[in-house]
Amino acid sequence: PPQLDNPDKFIFNAPEMLTLVHPMKGARIRFTTDGSDPDSVRATLYTSPLQVPGPLRVKAIAVMDGWYASDIKTFSVFSAGIKPKAAILLTQPDPKYSLQGAQSLFDQQKGDPGNLLVHWLGYREGPMKIHLAMEGDKEISRVIVSAGISHSSYVFPPLEVEVRAGMDSGRWESTTRIRPQQPTKYGPMENLACLVPLKKARWKYLEITVKPLPALPAWHSGKKQKAWAFVDEIFID
C-alpha cells in the first residue's frame, strides 16, 4: 500500500502538505477523500502533495500494470488550528489513562488506537469536560475532537459532543451538540474526527463535553456494559 513520506506526522501546520509515496518504481497511487473506497480506474490519481485545511481522511491504493492493486491504506490527518491560552479539565479521566491532563489534548501528539496508554485520555464513568480560554483575536467556527475507536477494547464513538462558546467565562451565548454515528458491527481501530460547527465569532471561552456511550450495543460481546470514550487531541479552527 502507499505510505506517508513521514509516517509519524499526522498534524500539519500551514503551509505543510501531505505527501504520499510508494517504494516500487512505476507504481501509481489513487485516492479518495470522501470516505469511499478507491479503485484502480475512477479514483483520483495522486500527482502532487495534498493540502490539509482541516481533518482529512485519505484512502489510497497503489496500482501498477500487470499487478493486482494493493490493499487500501487509510490516513487520518489534521491541521493544527488555534491553540488555547489556558485549558482546565473540569472532570478527571480514569487514573490509568490520565497522562498530563489537559495539556495532553493540545500537545500535537496523535494517539494510536492500538495503544491506549500513550497520548490518550480515557473516560468511562462520566463525561470529559474541559474549559478553554482563548486569545479572542481569531474567529472560531468549529471544534474538532479526535476520538479513538477500538471496538474489542470497548472504545466507541462518544454518545455526544457538546461545545459551548461565550465572551465571558460561564456566560454561554452559543451551544452546539452532535451525536456521532454508532457502529452496527465490529470494525477497524481508527481515529474519528468529531466536527462540531459553531457560530463564527472571536470567542474568548469554550467548554467542551464528551459523553461516553452509556451501554454497549446488543451485537457486542460486552453488551450493556459501559463504553469508553478516548480523546487524544482537540483542534480549534
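The values are calculated or read from the model by the stated rules, or taken from the named source; none is laboratory data. No experiment lies behind these values; they were computed from the predicted model shown. Methodologically, a virtual Cβ is constructed for each residue, glycine included, from the backbone with ideal geometry; neighbour enumeration extends over all protein chains shown. Only protein heavy atoms, including side chains, enter the accessible area calculation; ligands, DNA and RNA are left aside. Shrake-Rupley method; radii C 1.70, N 1.55, O 1.52, S 1.80 Å.
General remarks:
- Conditions (1) on the phi > 0 side of the Ramachandran plot; (2) surrounded by 19 or more Cβ atoms within 10 Å (Cβ to Cβ); (3) not polar (S, T, N, Q); number of the one not met by Gly170: (2)
- Wholly within the stretch 11-88, strands (runs of 3 or more DSSP E) carrying at least 2 residues that are modelled with pLDDT of 95 or more, farther than 21 Å from Ala193 by Cβ and charged (D, E, K, R): 28-32
- Yes/no for Glu207 being touching a residue at least 24 places away in the same chain (Cβ under 8 Å), within 28 Å of Pro95 (Cβ to Cβ), charged (D, E, K, R) and part of a strand (DSSP E or B): yes
- Matching option when the condition is under 16 Å from the mean Cα position of the chain (by Cα) and not β-branched (Val, Ile, Thr), among Met167, Met189: Met189
- With respect to the conditions (1) surrounded by 19 or more Cβ atoms within 10 Å (Cβ to Cβ); (2) farther than 19 Å from Glu190 by Cβ, Val77 lacks only one, and its number is (2).
- If only residues of the stretch 111-139 that are assigned to a loop (DSSP other than H, G, I, E, B) and open to solvent by less than 30 Å² (accessible area, probe 1.4 Å) are counted, the one that is nearest to Val210 (Cα to Cα) is Gly126.
- So Thr47, is it over 30 Å from Ala133 (Cα atoms) and either open to solvent by less than 30 Å² (accessible area, probe 1.4 Å) or without any contact (Cβ under 8 Å) to a residue 60 or more places away in the chain (or both): yes
Yes or no, residue by residue, for (1) among the charged types (D, E, K, R); (2) closer than 22 Å to Thr33 by Cβ; (3) at pLDDT below 95:
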site: His131; (1), (2), (3): no, no, no
site: Ser141; (1), (2), (3): no, yes, no
site: Tyr154; (1), (2), (3): no, no, no
site: Lys204; (1), (2), (3): yes, no, no
site: Thr209; (1), (2), (3): no, no, no
